[in-house]
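Report on the structure given below.
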Amino acid sequence: MNLDQLDGRVGEGWGGSAPDGAHVNVVLARRGSPTAAAALSMLAHPTPGHTPVLVCVGPTQAEYEPVWPPTLMMNKATALEERHQTLTWGAAQLGIGQGVLDAVADGLIEASGDLLVLVSVWIDPSASQETAVRTASRAATRKALGTCVEGRDPRAAGDLVARRDSLRNPFYGGD
């Protein structure tokens, strides 16, 4: 698929189980596009507890290297406690990088500087298991990238329409 067709595609994925699961939203952008410009602008606007990063991997900070295609990560849950920060910018960042590289290895996307992957990740502040968070972030990212590139089963949207009056959300407790 050419990059113009991928620009602006969105996907969502959940991996693992609470509280050590991960929820991601992914946007793909072609370098030089308005979508890419909007994604890159987030790097200039960090706020306390929300630090956008270029996803890098390596055994030490001196050995960091960026995942390719370039992947920007932003956390959705405010990370103010040290453990939550470590899980978000450590385990989740590594898992996101692995999920992107899984998509490259599967031939879904190319390892190209012309594609930008934006990942917004939610890690529960009560999460505690690093490996579980990494594994969940990896699975969620790969799933979301699959949706971005391959699309969603059209029957799924029709099913949601048919069930719209009985839909639930785990964060909604009303009647």
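The values are calculated or read from the model by the stated rules, or taken from the named source; none is laboratory data. Quick caveat, the model's predicted, so the values are computed rather than measured. For neighbour counting, all protein chains shown are included, and Cβ atoms are generated from backbone atoms with ideal geometry for every residue, glycine included. These area figures cover heavy atoms from the full protein model, side chains too; ligands, DNA and RNA do not enter into them. Shrake-Rupley method; radii C 1.70, N 1.55, O 1.52, S 1.80 Å.
Structure above, values below:
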| quantity | calculated |
| --- | --- |
| Filtered residues of region 51-68 (kept if aliphatic (A, V, I, L, M) and open to solvent by less than 80 Å² (accessible area, probe 1.4 Å)) | Val53, Leu54, Val55, Val57, Val67 |
| Meets criteria (surrounded by 18 or more Cβ atoms within 10 Å (Cβ to Cβ), of a type in the set (Ser, Thr, Tyr) and modelled with pLDDT of 95 or more) for Thr71 | yes |
| Matching helices (runs of 4 or more DSSP H) fully within region 83-175 where at least 2 residues are of a type outside the set (Phe, Trp, Tyr), surrounded by fewer than 21 Cβ atoms within 10 Å (Cβ to Cβ) and modelled with pLDDT of 95 or more | 93-105, 130-150 |
| Residues of region 11-28 classified as open to solvent by less than 40 Å² (accessible area, probe 1.4 Å), under 17 Å from Thr71 (Cβ atoms) and not aliphatic (A, V, I, L, M), total | 3 |
| Every pair of residues 6+ apart whose Cβ atoms lie under 7 Å, when the first sits in region 29-50 and is open to solvent by less than 60 Å² (accessible area, probe 1.4 Å) and in a loop (DSSP other than H, G, I, E, B) while the second is modelled with pLDDT under 90 and of a type in the set (Lys, Arg) | none |
| In region 51-75, residue nearest to Val100 (Cα to Cα) [restricted to those that are touching a Cys at 6+ places or on another chain (Cβ under 8 Å) and in a loop (DSSP other than H, G, I, E, B)] | Val67 |
| Flag for Gly8 being in a loop (DSSP other than H, G, I, E, B), open to solvent by 30 Å² or more (accessible area, probe 1.4 Å) and in contact with a helix residue (DSSP H, G or I) (Cβ under 7 Å, 6 or more places away or on another chain) | yes |
| Selection count where residues are under 17 Å from the mean Cα position of the chain (by Cα), among the hydrophobic types (A, V, I, L, M, F, W, C) and more than 22 Å from Val104 (Cβ to Cβ), scope region 19-46 | 3 |
